[in-house]
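K.L.:
Shown below is the structure under consideration.
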């Protein structure tokens, strides 16, 4: 008797392929998560640099040497202009970007500054922070900066306190 040749895979062969794919995925996923966290952290530090530039620009062109007390003030264009001092993603009071929540408040020892070109009160110092939305998942470090333009970091779920001292370290 002549047996007919059957095409296809056996159940065992398919289970072996699925097991191999599962092992490869289990090895790759933690590396992908670490890469994603590192990207989020770099984005947060870069955004704090943008906030520093926006505050300096605001202070010199509209703030009469005072700093903006909030993101909404930085998002207000000067009279006769259409461009704001900061990008649209920061046009809310507590913006979220790349897994981080940002805040902008008066800095340590801040006093009242002069009114800006829009008639809004300014302050003499600011403190900006970037904290991971889910510590250990969206980021493993928190960041902060002030009018000195140095960005500080801590490996914690809360931003470094101002004035920046141990255990915070400069971010480079």
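The values are calculated or read from the model by the stated rules, or taken from the named source; none is laboratory data. Please read all numbers here as calculations on a predicted model, not as lab measurements. Cβ atoms come from the backbone with ideal geometry, glycine included; neighbour counts cover every protein chain shown.
K.L.:
Within segment 105-115, does at least one residue satisfy the condition of being closer than 24 Å to residue 142 by Cα, in a loop (DSSP other than H, G, I, E, B) and touching a helix residue (DSSP H, G or I) at 6+ places or on another chain (Cβ under 6 Å)?
P.N.:
Here is the first cut: in segment 105-115, the ones closer than 24 Å to residue 142 by Cα are 105-110.
This time we only want the ones that are in a loop (DSSP other than H, G, I, E, B), so: 107-110.
Still in the running and touching a helix residue (DSSP H, G or I) at 6+ places or on another chain (Cβ under 6 Å): none.
Checked segment 105-115: no residue is closer than 24 Å to residue 142 by Cα, in a loop (DSSP other than H, G, I, E, B) and touching a helix residue (DSSP H, G or I) at 6+ places or on another chain (Cβ under 6 Å).
K.L.:
For residue 96, state whether it is surrounded by fewer than 20 Cβ atoms within 10 Å (Cβ to Cβ) and closer than 25 Å to residue 40 by Cβ.
P.N.:
For residue 96, the condition - surrounded by fewer than 20 Cβ atoms within 10 Å (Cβ to Cβ) and closer than 25 Å to residue 40 by Cβ - is met.
K.L.:
Would you please list the contacts, defined by Cβ atoms under 9 Å and residues six or more apart or on different chains, that run from a residue in segment 65-90 that is without any contact (Cβ under 8 Å) to a residue 24 or more places away in the chain to a residue that is in a helix (DSSP H, G or I) and surrounded by fewer than 14 Cβ atoms within 10 Å (Cβ to Cβ)?
P.N.:
75/88
K.L.:
Let me ask something additional. Just one of (1) out of contact with any helix residue (DSSP H, G or I) (no Cβ under 8 Å at 6 or more places or on another chain); (2) farther than 18 Å from residue 41 by Cα trips up residue 157, so point out which.
P.N.:
(2)
K.L.:
Among the residues of segment 118-132, is any in a loop (DSSP other than H, G, I, E, B) and touching a helix residue (DSSP H, G or I) at 6+ places or on another chain (Cβ under 9 Å)?
P.N.:
yes
K.L.:
Just to be sure before I move on: is residue 94 within 29 Å of residue 32 (Cβ to Cβ) and in a loop (DSSP other than H, G, I, E, B) in the structure I sent?
P.N.:
Answer is yes for this residue.
K.L.:
Does residue 65 satisfy the criteria of being under 19 Å from residue 149 (Cα atoms) and assigned to a loop (DSSP other than H, G, I, E, B)?
P.N.:
When the stated conditions are applied, residue 65 passes them.
K.L.:
Identify all residues within segment 154-172 that are in contact with a strand residue (DSSP E or B) (Cβ under 7 Å, 6 or more places away or on another chain), modelled with pLDDT of 90 or more and more than 14 Å from residue 102 (Cα to Cα); write none if there are none.
P.N.:
154, 156
K.L.:
Mind telling me which of the residues 83, 93, 89 ends up being farther than 23 Å from residue 162 by Cα and either touching a strand residue (DSSP E or B) at 6+ places or on another chain (Cβ under 9 Å) or modelled with pLDDT of 95 or more (or both)?
P.N.:
Criteria check complete, one pass: 89.
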